[in-house]
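These notes concern the structure reproduced below.
No value in this document is a laboratory result; all are computed from the given coordinates. No experiment lies behind these values; they were computed from the predicted model shown. Glycine gets a Cβ as well: all are built from the backbone with ideal geometry, and neighbour counts include every protein chain shown.
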Amino acid sequence: MTKGSGQSPLRPMMAKPQFGDATAAIAVALLLIPQCLAYAELAGMPAHVGLIAASIPPIIAAPFGSSRFLQTGPVALTAIVTFGALSTVETPGTAEYVALGALMATMLGCFQIIFGAVRWGRIAFLMTPPIVAGFTSGAALLITASQLPSALGAQSDGEVLIRAVRAIQAVQTWEPFAIALAGGTVVLVLLGRRRFGRRFPGVLIAVVVGVLIGRSSLYPAALVGSIPNTLPAIKLDLPWGSIGSIFLSALVISFVQFAEPSSIARRFAEQDGERWNADRELSGQGIANLASGLFGAFPVGGSFSRSSLNRLSGGETRWVGVFVGLLVLAFLPVAGVLEALPKSVLAATVIIAVLPLFNFGALLQSLKTSRRNGLLGIGTLICTLVMAPQIHLAVIAAVAVSLSLRAVDTLRERRTSKRPPQE
């Protein structure tokens, strides 16, 4: 299932668009627009940068991937990994930070394109299921913690976990209106999905209600704020002199970031009995990141929630990604309507989106079937929390331990095979 047809990973391929592609694109775009604003904030970027990351990369990447369902764009996991790598170099939200994020995306794209061209897509398999379960669970905890202050309408500072604890402790700073909006968003989306399926536009309804409330003079907590109504343009004046300061992080993240889209593509391929090509997928993600960086946005990845919605909504070809990007581009001139959106709604949107990343059940199952694998997964989770915000280092540590254990097993097998048989 994982092997391709031998075509070059850099050769674009597109089937003819189908009617279902257009309807699926509308559903995906309605979910993507509020998500990209939330993920921009998660990455430490201004909201409008998320719209750029949601428009150009899906269009550029569509012809190069292998999965007909995978949707590329801003995602929570890549956003928080990006934040961890860049926040130690520049102050989040500043022009210098945004430019550094674009440089990071450009470097990621170059690394991934090269890795795909030389057919290194198999690096995705270095992240074994226990490592993936531990890392994603830890990242999901961090992402949820990062959104708690906004969901509570509270102000706090410090590292992600410290900020969340301080926000929880500062009960006197909580805004009941913000909490009600965040809780209402979670209930609306989750109950709507359970009752009507994934096509239910719960996020869209929450955004519309949130904007109406934000435009009134009653809402006391933070809003999204200014969103420039400008179309994206290529920007080559990146801080090229900073390559050395983020080179290692970009190299590591180019490997870590690919774990999510590769697992999505592989899962759908297995469910539908189709082929997928890890090298093409890696190249496709690289081209998407290169485009995102050159247009001034931040690193992107494959989204499980939007990919699942695409599949459920009847998407049939990779043209869905093209249509989604075009819809976001068409929305940019009127994106200012979202300036009054409460950040508590965005926080709830992020928390809902990362729910599938919690894999505690998989960790417990690994512990039952193999104590070593289970401990590796739990160790990865702990390292992810301890090493925050530079959580990509936790994956490198876990992979290094995993490879070392494999090497020890191989040496034992060789020694056993060389022993003379007992008389």
_Averaged across orientations, what area in nm² does the convex hull of the alpha carbons in the chain project?_
22.9
*asked:* Could you check the spin-label model distance between LEU312 and VAL401? Points 7 Å from the Cα along Cα→Cβ, value in nm.
replied: 3.5
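Could you order peptides 39-47, 20-28, 51-59 by the average number of other Cβ atoms within 10 Å of their residues, highest first?
Numbers: 39-47: 26.6, 20-28: 21.2, 51-59: 28.7.
Sorting 39-47, 20-28, 51-59 by mean packing, highest first, produces 51-59, 39-47, 20-28.
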*So if R0 is 41 Å, what FRET efficiency would ALA117 and LYS368 give, r being the distance between their Cβ atoms, rounded to the nearest 0.05?*
0.50
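Treating the beta-carbon of each Lys and Arg as +1 and of each Asp and Glu as -1, no other charges, what is the dipole magnitude of the chain about its Cα centre, to the nearest 20 debye? Present the calculation step by step, with values, prior to reporting the outcome.
Details: 32 positive and 19 negative charges, 291 e Å.
Dipole about the Cα centre, nearest 20: 1400 debye.
Please work out the FRET efficiency for the pair ARG414 and TRP240, using the Cβ-Cβ distance as r and a Förster radius of 30 Å; give the result to the nearest 0.05. Don't jump to the answer; show the numbers that get you there.
On the way: r = 48 Å, r/R0 = 1.59.
That pair, ARG414 with TRP240, gives E of 0.05.
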*If the chain between LEU231 and ILE382 were fully stretched, how many nm would it gain, using 0.36 nm times the residue separation less the Cα-Cα distance?*
50.2 nm
*Using only Cα atoms, find the angle between the long axis of helix 371-386 and the longest principal axis of the chain, and express it within 0 to 90 degrees, rounded to the nearest 10.*
40
_Pair ARG193, GLN155: separation of 7 Å Cα→Cβ label points (nm)_ = 3.4
*Report, ordered by chain and residue number, the aspartates and glutamates lying within cross-link reach of LYS16, taken as a straight Cα distance under 12 Å and ignoring same-chain residues fewer than 8 apart.*
GLU316
_Projecting each Cα onto the charge dipole of the range 19-359 (Lys/Arg +1, Asp/Glu -1 at the beta carbon, about the Cα centre), which of GLY296, TRP120, GLY158 comes out farthest on the positive side?_
TRP120
